[in-house]
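Just so it is clear, none of the values below were taken in a lab; they were calculated from the coordinates. Source: prediction; values computed, not measured. No Cβ is skipped: glycine too gets one built from the backbone with ideal geometry, and neighbour counts run over all protein chains shown.
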Amino acid sequence: MTKQELRAEMAARVKNLSPVYCREADDSICSWVVQSTLCQDAKTVFCYVGTKREIDTMRLIHALLREGKRVAVPLCTEEGVMEARLIEGMGDLVSGRYGILAPKLTCTKAEPEELDLAIVPCCTGSESGQRLGYGGGYYDRYLPKTKCPAVMLCRRHLLREDIPVEDHDVKMDYLVTEKGIVRCG
């Protein structure tokens, strides 16, 4: 199966998930992240803002800000390129590329080496750390610049072990589902 075929299959699966399951799974996933030692020890957390088909990370971002963490959110600056920008609250987010909430251009840039934890979206993922993104390659280009653990968030019903892998695909260090946190590998 190609990456494009698997993305299409996962999109169909997401549409068939019940809203109740998604909400409960997302709440559990965010709770696991916040309670984790990885998160507790991190001063600066890089976290995506979930879209309708992804894990709703707004609760997670609110919790991180309440705990006094520096929260950086992706800003797509050009095709395939992103950077991390620090936000102080939800008022710092505006509609960005692809209609995804992104930090305002006035938000301070966080350098990749400043990040203590990267929370990454996926279309599907595996317990071995393989991740299928949405095809833009943004995270595969950005994550190698960081020195922090990469954590993908995925609902259990969307996990796959047969993910097509290419040389440039970055393997995740941890997987978080509604059932808990798995160290990949």
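Convex hull over the alpha-carbon atoms of the chain: what's its volume per residue in Å³?
So the per-residue hull volume is 111 Å³.
Mind checking Rg over Rh on segment 1-100, alpha carbons, Kirkwood formula for Rh?
Here Rg/Rh amounts to 1.00.
Would you mind checking the tilt of helix 19-35 against the longest principal axis of the Cα atoms of the chain, expressed as 0 to 90 degrees and rounded to 10?
Rounded to the nearest ten degrees, it is 50.
So, by mean Cβ neighbours within 10 angstrom, what's the order for 15-28, 44-57, 83-96, 165-178 with the highest one leading?
Packing proxy ranking, top to bottom: 44-57, 165-178, 83-96, 15-28.
Using +1 at the C-beta of Lys and Arg and -1 at the C-beta of Asp and Glu, which of Tyr138, Val182, Val34 has the Cα lying farthest in the positive direction of the dipole of the chain?
Positive-most Cα among the choices belongs to Val34.
Between segment 87-131 and segment 1-45, how far is it from one alpha carbon centroid to the other, in angstrom?
14
Stretch Asp27-Lys52 to full length: gain in nm at 0.36 nm per residue minus the Cα-Cα span?
Contour length minus Cα-Cα distance gives 7.5 nm.
Work out the count of Lys pairs in the chain where the Cα-Cα distance is under 20 Å, with the pair 8 or more places apart or on different chains.
14
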